[in-house]
Amino acid sequence: MQKQQLICVYLSLIVLVSAKMAVSQVVKGGLCPSNIQTVQDFDAEAYLGKWYEFSKYPFIFEAGGRCIQAEYGALTNDSVTVQNTQISILNLKSSIDGVARIVGPGKLSVRFNGIASLAGDADYWVLGTDYKNYAVVYSCSNLLIAHSVVVWILTREAEPSEDIVKEAENILTSQKISLKPLKLTYQTGCPDI
């Protein structure tokens, strides 16, 4: 009987970790770092509008996607609408809508509609932004014995200058967040989505 219980526990752990890993493929040992600094005087109104995804850590929900954009709109004093769009590997436009609640300085909690709502709320921490050129976003989820991390560099232009990208990358390196997992998002020749 103990062997069967142990097998059930292991299977449950695999299912739980697999469900959490659907959010991110960058997994590290231990808990999420507690020393991550966000924008303390975050201005949600200045953040609104269209952002292009310049690069990101591997992210299952965007696998094979290109021309990825996020549009943020006003909703209430403490929340904004979110619409993420992309062109899929099959060359089809897809989008997902949600709401991001402001839960602290530079810290938002995002929940998407539809089947994605089953994943629950996700952290959306703004580590740095100048509102006009770039934003650096971080999300971390604790698993049982590890944590998963997603990082995005967003830009107002589909093809930003090297200086803008370097400024965004410096925000990550200043907090000892690795640039190695960052993958460029294809934004060339994209249709107006």
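The values are calculated or read from the model by the stated rules, or taken from the named source; none is laboratory data. Since this is a predicted model, take the numbers as computed values, not measurements. Backbone-built Cβ (ideal geometry, glycine too); neighbour counts: all protein chains shown.
Structure above, values below:
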{"quantity": "Counted residues, the stretch 119-130 - those being surrounded by 16 or more Cβ atoms within 10 Å (Cβ to Cβ) and within 26 Å of ASP163 (Cβ to Cβ)", "calculated": "6"}
{"quantity": "Where SER95 falls short, out of the listed (1) in a strand (DSSP E or B); (2) surrounded by 14 or more Cβ atoms within 10 Å (Cβ to Cβ); (3) of a type outside the set (Val, Ile, Thr); (4) at pLDDT below 95", "calculated": "(2)"}
{"quantity": "Options ILE36, ILE60, ILE68: the member that is of a type in the set (A, V, I, L, M, F, W, C) and in contact with a Ser or Thr (Cβ under 7 Å, 6 or more places away or on another chain)", "calculated": "ILE68"}
{"quantity": "Hits in the stretch 68-92 - residues which are in a strand (DSSP E or B) and closer than 15 Å to THR185 by Cα", "calculated": "ILE68, GLN69, ALA70, ASN84, THR85, GLN86, ILE87"}
{"quantity": "Residue among ALA135, ALA46 that alone is in contact (Cβ under 8 Å) with a residue 40 or more places away in the chain and loosely packed, with under 13 Cβ neighbours inside 10 Å", "calculated": "ALA46"}
{"quantity": "Residue check, GLY65 at pLDDT below 95 and within 19 Å of THR188 (Cβ to Cβ)", "calculated": "yes"}
{"quantity": "Hits in the stretch 148-171 (condition: within 14 Å of the chain's Cα centre (by Cα), over 25 Å from CYS190 (Cβ atoms) and of a type outside the set (S, T, N, Q))", "calculated": "VAL149"}
{"quantity": "Residue in the stretch 69-78 that is hydroxyl-bearing (Ser, Thr, Tyr) and more than 16 Å from the chain's Cα centre (by Cα) present", "calculated": "yes"}
